[in-house]
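Report on one structure; see the data block that follows.
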Amino acid sequence: MKFSIERDLLLKPLQSLCGVVEKRQTLPILSNLLVKVEKDKLFLTSTDLEVEMHTSISVKGTDPGETSFSARKFLDICRTLPEGALIDVSKEASKVTIKSGKSRFSLTTLDPSEFPSVDAVEQGISFSIAQNTFRRLIEKTQFAMAQQDVRYYLNGLMLELSQKGLRCVATDGHRLAMCDGDVEIRTPEIKQVIVPRKAIIELGRLLDTTDDEIRVDVGTNHIHTVFGETTFTSKLIDGRFPDYQRVVPQGGNKIVIADKELLKQSLTRVSILSNEKYRGVRFTVSDGLLQVQAHNPDQEEAEEELSVDYTGGDLEIGFNVTYFIDVLNVIPTDKVQIVLLDSSSSCLIQEPGNEDCKYVVMPMRL
Amino acid sequence: MHFFKSKLQSDFSYKMKHPVIWPRAIILMDMNAFFASIEQMDRPKWRGKPVGVTNGRQGTCIITCSYEARAFGIKTGMRLREARLLCPDLIQCPSRPDRYAEVSSSIMEALSIITPDVEVFSVDEAFLDVTHCQNLHGTPEHMAHMVKQLVYNVSHLHCSVGVSGDKTTAKFAAKLHKPDGLTVIPPWESKQRLANVPVTELCGINKGIGGFLARYGVTRCGDMEKLPIGVLAKRFGNLGRRIWYMCQGADPEQVHVSVNSPKSIGHGKVMPPATIDREIILTYMKHMSDKVAARLRRHQFEAKRFFIGLRTQHYWIADKFSLSVPTDSVHDIMMLCRLLLDEYWNEEPLFQLQVTALSPSPANMQLEMFSETNDKQKRLHTALDQVNDRYGEFTLASARLLKRSEMPNVIAPGWKPFGHRKTI
């Protein structure tokens, strides 16, 4: 096996591939790349048994063959070589040699036939989606995914496929984010799948801001995405996502419209003196005014006042300030609409006049 | 209080003769043979006699003993049988943790008359920060006398008192004269007074740290000066820095007035040796889980992670389990106990059990989206807790607990007269 390639063509795909490789491995081969040369193409694959990424790049001076060697070390070598360097890779016996200019590296290899592959995708629903649309859906919802929750089905993003389009929903049991994308999907029924947290984060990195279309295949156990030369496959979480519709509050009658940037800045300042562990802040709304207060165990206090568009009686309600700031971070508009009912009911946050994205935050008792 | 009023009037002239205001003034109050002294006070016929306190009648280990017993060489931790060899007339006295807690509470409460800055260090020790009371009450030495008098007035018991400019030197001073002692080390003498003291005699320097220091040639407090503070900081972090100052009579540690929120809340018990009967184990599990759950509820805490451990002769069968939402219910904790028994235990003979709620947090603070609050269960817990608070632990309990262990409760070294540490 042999190939030559310019460093700069290899670097970006290699970085993406390394995102999939786990830092600590029990199976040595999982820290490796599967490297295959056929004609003038180099095929690279990385996996963690749950997520698999596969890409191909045009190369020169090839000699067909297949091997497997450390992904991280290969990336570090390429990264630290000078810009524009030409890299020659060749396999001799059980070693692979990387040469560039006056640099020479010899890496150990593992039998490529040992390299695990994620199963092929079953028949399912396929659709096309613009990269920027998919990216937007992920960016606006992924922060609400749970992390290592025992309710394993919360540690991911739920994709709901229906004739109405693609809806993404994430929740950790304290807050929820959902966002709708206008995508043409041909399916007679509504299908829900849960994509694991790691796959969502990697997908978010892979997607760019162009409106180039990518293909998405959703099977019963896998999701498969094709970006030109690159494919990204992930297992799905086998579980039932909670009934999210039930927790989106209905009938909140206290509607507060605030300047998003000013509110975010106020909350960020107040949060400095909130309890570091529980992050509780008190919101007090009255006609035309929102007050935010926080205090910590050292009896230090912070208070902010903000003019808002509101009429509808006084209300005091507590929130984890981090959950609120997370939402404000993904709202692009100048104004934000906060709908409240009472101090023990959840609150609905959204862009005023836009129903595409909805955020729900459960209150805290302070 | 009358006692203090008359004292206060005479303070002015006293102060004039001793005008020095210490930059920091800390008093350590240490009750002398606390449990044994209470027993001797409550039973006049035992006064002047060797008394050893054990955990119940069945207890074989001396928890503490009177000064008369100490004269025979009896020490805390000694087996009753060994102690009887040294002193055949030793009176065995089962411990009464409720009574000790009661006396301790009244002493600790009384100390706040002198200063609000009281840290209850253990059931029989307290630090008082009297820095800001020097203009009010007089010199630190005078306040130390006030502490002794006050403790005696409240409890009719004696204590030893150490006074200095920092916690470590005050504690060291209190140890110098026992029982019924009073030792003053003015802060400007602390460094010199500690110079020849072995570092391991200071509170908080154990053999491990002592061994580390010895490798650097530091065996006495006076040697510490030669060692750069960075060496200790690198190995032990902030604790290391504190030790460096401690040895030079300048412990920066504050007197902590409030009880920190708990890192864990747990209960454990020794089981009959080599227990393999699943029903007995479940009874012990229920007993401990019930105690943990009731204690969580008493202090309005709940927890999401629990440590459940079973001790075999040589090792622990144990794990940490997570629930999806935090709980204060015995049912949820028992579910985890059963899980441990079903999934981890292979009928190994067991000796001990531990159930601990990890990082408890204030209950019902963050509301949950997907779990309905179980009002029926909440009402049951409230009723149960009210009955047991009034008539005593386990007055109302599940039938399984009729067969619970008869071993008495033990008062923990970390006991406090208020907050989540007020438990036995």
### Query
Which condition breaks for A:Arg246 when tested against (1) part of a helix (DSSP H, G or I); (2) basic (Lys, Arg); (3) in contact with a strand residue (DSSP E or B) (Cβ under 8 Å, 6 or more places away or on another chain)?
(3)
#### Entry: Lone qualifier among A:Phe127, A:Phe134, A:Phe143 - being of a type in the set (Phe, Trp, Tyr) and either part of a strand (DSSP E or B) or within 14 Å of chain B (Cβ to nearest Cβ) (or both)
A:Phe127
### Given (1) open to solvent by 80 Å² or more (accessible area, probe 1.4 Å); (2) among the aliphatic types (A, V, I, L, M); (3) closer than 18 Å to A:Phe105 by Cα, index of the condition A:Leu27 fails
(3)
### Message
If the requirement is being more than 23 Å from A:Glu22 (Cα to Cα), of a type outside the set (Asp, Glu) and surrounded by 17 or more Cβ atoms within 10 Å (Cβ to Cβ), which of these qualifies: A:Gly228, A:Gly165?
### Response
A:Gly165
### Query
Does A:Val118 count as surrounded by fewer than 19 Cβ atoms within 10 Å (Cβ to Cβ) and under 24 Å from A:Phe241 (Cβ atoms)?
no
### Query
Does the stretch A:315-335 hold any residues that are touching a residue at least 24 places away in the same chain (Cβ under 8 Å) and over 28 Å from B:Asn364 (Cα atoms), and which are they?
A:Val330, A:Ile331, A:Thr333, A:Asp334, A:Lys335
### Candidate set from the stretch B:251-278 (those that are part of a loop (DSSP other than H, G, I, E, B) and either away from chain A (no Cβ under 14 Å) or hydrophobic (A, V, I, L, M, F, W, C) (or both)); member that is least open to solvent (accessible area, probe 1.4 Å)
B:Asp251
### Task
Quick one: in the stretch B:292-316, of everything that is surrounded by fewer than 16 Cβ atoms within 10 Å (Cβ to Cβ) and touching a strand residue (DSSP E or B) at 6+ places or on another chain (Cβ under 7 Å), which residue is farthest from A:Asp149 (Cα to Cα)?
B:Gln313
### Summary
How many residues of the stretch B:15-65 are among the basic types (Lys, Arg), free of Cβ contacts under 8 Å to residues at least 40 places away in the same chain and either over 25 Å from B:Met407 (Cα atoms) or in contact with a Cys (Cβ under 6 Å, 6 or more places away or on another chain) (or both)? The answer is 3
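Checking the condition acidic (Asp, Glu) and open to solvent by 60 Å² or more (accessible area, probe 1.4 Å), which residue from B:Asp342, B:Asp328, B:Asp319, B:Asp332 passes?
Going through B:Asp342, B:Asp328, B:Asp319, B:Asp332 in turn, just one is acidic (Asp, Glu) and open to solvent by 60 Å² or more (accessible area, probe 1.4 Å): B:Asp342.
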### Task
Go through the stretch A:330-349 and give me each residue that's away from every other protein chain (no Cβ under 12 Å), crowded, with 19+ Cβ neighbours inside 10 Å and touching a helix residue (DSSP H, G or I) at 6+ places or on another chain (Cβ under 9 Å).
A:Ile331, A:Val336, A:Ile338, A:Ile349
## Note on the structure
A:Thr233: passes all of (1) polar (S, T, N, Q); (2) more than 14 Å from chain B (Cβ to nearest Cβ); (3) in contact with a helix residue (DSSP H, G or I) (Cβ under 8 Å, 6 or more places away or on another chain) but (3)
### Task
Please give the strands (runs of 3 or more DSSP E) falling wholly within the stretch B:124-228 in which 2 or more residues are surrounded by 20 or more Cβ atoms within 10 Å (Cβ to Cβ).
B:125-129, B:159-164
### Task
For residues that are within 16 Å of A:Val308 (Cβ to Cβ) and away from chain B (no Cβ under 14 Å), tally how many sit in the stretch A:263-290.
14
### Message
Every residue in the stretch B:186-212 that is touching a Ser or Thr at 6+ places or on another chain (Cβ under 7 Å), of a type in the set (A, V, I, L, M, F, W, C) and without any contact (Cβ under 8 Å) to a residue 40 or more places away in the chain, please.
### Response
B:Cys203
### Message
Looking at B:Leu353, B:Leu339 in this structure, which one is farther than 22 Å from B:Phe394 by Cβ and either assigned by TED's automatic domain parsing to the domain that holds B:Arg295 or in contact (Cβ under 8 Å) with a residue 24 or more places away in the chain (or both)?
### Response
B:Leu339
### Task
Could you please find all residues in the stretch A:236-287 being under 30 Å from A:Asn155 (Cβ atoms), of a type in the set (Lys, Arg) and open to solvent by less than 70 Å² (accessible area, probe 1.4 Å)?
A:Lys260, A:Lys264, A:Arg279
### Query
Looking at B:Leu396, is it among the aliphatic types (A, V, I, L, M), closer than 30 Å to A:Ser343 by Cβ, away from chain A (no Cβ under 14 Å) and open to solvent by 80 Å² or more (accessible area, probe 1.4 Å)?
no
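If you scan the stretch B:309-333, which residues turn out to be without any contact (Cβ under 8 Å) to a residue 40 or more places away in the chain, of a type outside the set (A, V, I, L, M), away from every other protein chain (no Cβ under 14 Å) and in a strand (DSSP E or B)? Lay out the reasoning, then the answer.
Of the stretch B:309-333, the ones without any contact (Cβ under 8 Å) to a residue 40 or more places away in the chain are B:312-323, B:326-327, B:332.
Those left that are additionally of a type outside the set (A, V, I, L, M): B:312-316, B:319-322, B:326-327, B:332.
From what's left, away from every other protein chain (no Cβ under 14 Å): B:312-316.
Residue satisfying the conditions is B:Trp316 alone.
The values are calculated or read from the model by the stated rules, or taken from the named source; none is laboratory data. Model, not experiment: these values are computed from the prediction. All Cβ positions, even for glycine, are placed from backbone atoms using ideal geometry, and neighbour counts span all protein chains on display. Accessible surface areas use protein heavy atoms only, side chains included; no ligands, DNA or RNA. Shrake-Rupley method; radii C 1.70, N 1.55, O 1.52, S 1.80 Å.
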